[in-house]
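Below: one structure, written as structure tokens.
Rule-based calculations on the coordinates, nothing more; no lab input. Remember, it's a predicted structure, so these values are computed and weren't measured experimentally. A quick note on method: Cβ atoms are made from the backbone with ideal geometry, for glycine too, and the neighbour counts reach across all protein chains shown.
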Amino acid sequence: GKYREPVQRNSTASTALLPRVSMIVGPFDRFSFTASYGQGIRSIDPTYVYDDTKTPFASIDSYESGVIYTRSTETSTLVARSVFFQTHVDQDLIFNQSEGRNTLANGTTRTGWIGALRYTNSSFDESANVTLVRSTFDDTHLLVPYVPDVVVRSDTAYHHALPVSI
């Protein structure tokens, strides 16, 4: 679409078919193998939206493959995942520090790995993951700013009865 002023009001609507194919093979001795491909969209910068025109979308292609290990006992469950992925966006929104907001940029590709672990038992629940990603512009192969190379997260819950009776 054509550029319009950010304070100008406009509205539009559109639909899109978003296919996804996933396959899980296994389990084989507690291991399963996965592969997925999907197409998606994301609305581009709202300043490019006009009344009564087809909504402009950025198209996304995503690929991933991985392995899952699962082990359960009478008292606990352990699930570990290792997934390699690649996502391509044909027109990305990138934070522009001069504008102070996201602006439309050329295509980007994100390639990476996710390692995830979930352990649960009657009183403990731990979910942890690590994501490593290299995010680059398609035309220059320079790194995309403000996209972290490493993300680590842990969510832990401990369940126990309170020592107070009601």
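Result for the chain in a Gaussian network model with C-alpha springs under 10 Å: among S36, S14, S127, the largest mean-square fluctuation is at S14.
When Rg and Dmax of the Cα atoms in Å is computed from the coordinates, the matching label among [x] 19.3, 66; [y] 21.6, 66; [z] 20.0, 59 is [y].
Taking a ≥ b ≥ c as the square roots of the eigenvalues of the Cα gyration tensor, an a/c ratio of 1.5 or more together with a/b larger than b/c marks segment 86-166 as prolate.
For every other residue with a beta carbon closer than 11 angstrom to the beta carbon of F57, add +1 if it is Lys or Arg and -1 if Asp or Glu, then tell me the sum.
+1
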